[in-house]
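S.K.: Got a structure here, written out as structure tokens. Questions coming.
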Amino acid sequence: MSTDRCAICERDVETTRHHLTPKNRKESPVAAICESCHRQIHAVFTNHELKHRYDTVAKLRESAEMRKFAAWIRKTDKEHVQVDETERVRDWRG
Ligand SMILES: [Zn+2]
Ligand SMILES: [Zn+2]
């Protein structure tokens, strides 16, 4: 991991690599996203939704879920936050 700018919340923090098309990791473009936003992405969206509806950073950023999360996390001074999976994603994971 390296310090970079998160593509979602735009904080300068350590980032992780998010594969924009999870099912096809080898050819998938990757985005630099901080750990908290990254966890949030996988907590609110299923891989199916990521692949079909949120396969670019712009689409992720425009989603109501991530907009709300980014606005909130910019106001906290925490680099890492606890993220709970939504029930919907938990059901999907089984
Ligand atoms: Zn972030
Ligand atoms: Zn990811």
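S.K.: Quote to one decimal, in nm, the extra length available between Ala71 and Glu87 on full extension: 0.36 nm per residue of separation minus the C-alpha distance between them.
M.R.: Extra length available between Ala71 and Glu87 comes to 3.5 nm.
S.K.: Enter the accessible area per residue of the chain (Å², integer; probe 1.4 Å; all protein chains in place). The partial results should precede the final answer.
M.R.: Details: 6020 Å² over 94 residues.
Ligands and nucleic acids excluded, the result is 64 Å² per residue.
S.K.: Let me ask another. Just to be sure I follow the rule: in the range 2-93, considering lysines 8 or more places apart or on different chains, how many pairs have Cα atoms under 24 Å apart?
M.R.: The number of close lysine pairs in the range 2-93 is 9.
S.K.: Given the Cα-Cα distance of Arg53 and Ser28 and 0.36 nm per residue of separation, how much length would full extension add, in nm?
M.R.: Once the chain is fully extended between Arg53 and Ser28, it gains 7.5 nm.
S.K.: Based on Cβ point charges of +1 for Lys and Arg and -1 for Asp and Glu, what charge dipole magnitude is obtained for the range 37-94 about its Cα centre, in debye rounded to the nearest 20?
M.R.: For the range 37-94, the charge dipole is close to 160 debye.
S.K.: For the charge dipole of the chain, defined by +1 on Lys and Arg C-beta atoms and -1 on Asp and Glu C-beta atoms about the Cα centroid, which residue among Leu60, Ile41, Asn24 has the Cα displaced farthest towards the positive pole?
M.R.: Positive-end residue among those listed: Asn24.
S.K.: Another question about this same structure. Taking Cα atoms of the chain, Rg/Rh with Kirkwood Rh, to two decimals?
M.R.: Rg/Rh: 0.94.
S.K.: A follow-up question, please. In the range 2-93, what percent of the accessible surface is made up of carbon and sulfur (1.4 Å probe, ligands and nucleic acids excluded)?
M.R.: After summing per-atom areas, the C and S share lands at 45 percent.
The values are calculated or read from the model by the stated rules, or taken from the named source; none is laboratory data. Note that this is a predicted model, so its numbers are computed, not measured. Here the Cβ is made from the backbone with ideal geometry for all residues, glycine too, and neighbour counts use every protein chain on show. Just the protein is used for accessible areas: all its heavy atoms, side chains included, with ligands, DNA and RNA removed. Shrake-Rupley method; radii C 1.70, N 1.55, O 1.52, S 1.80 Å.
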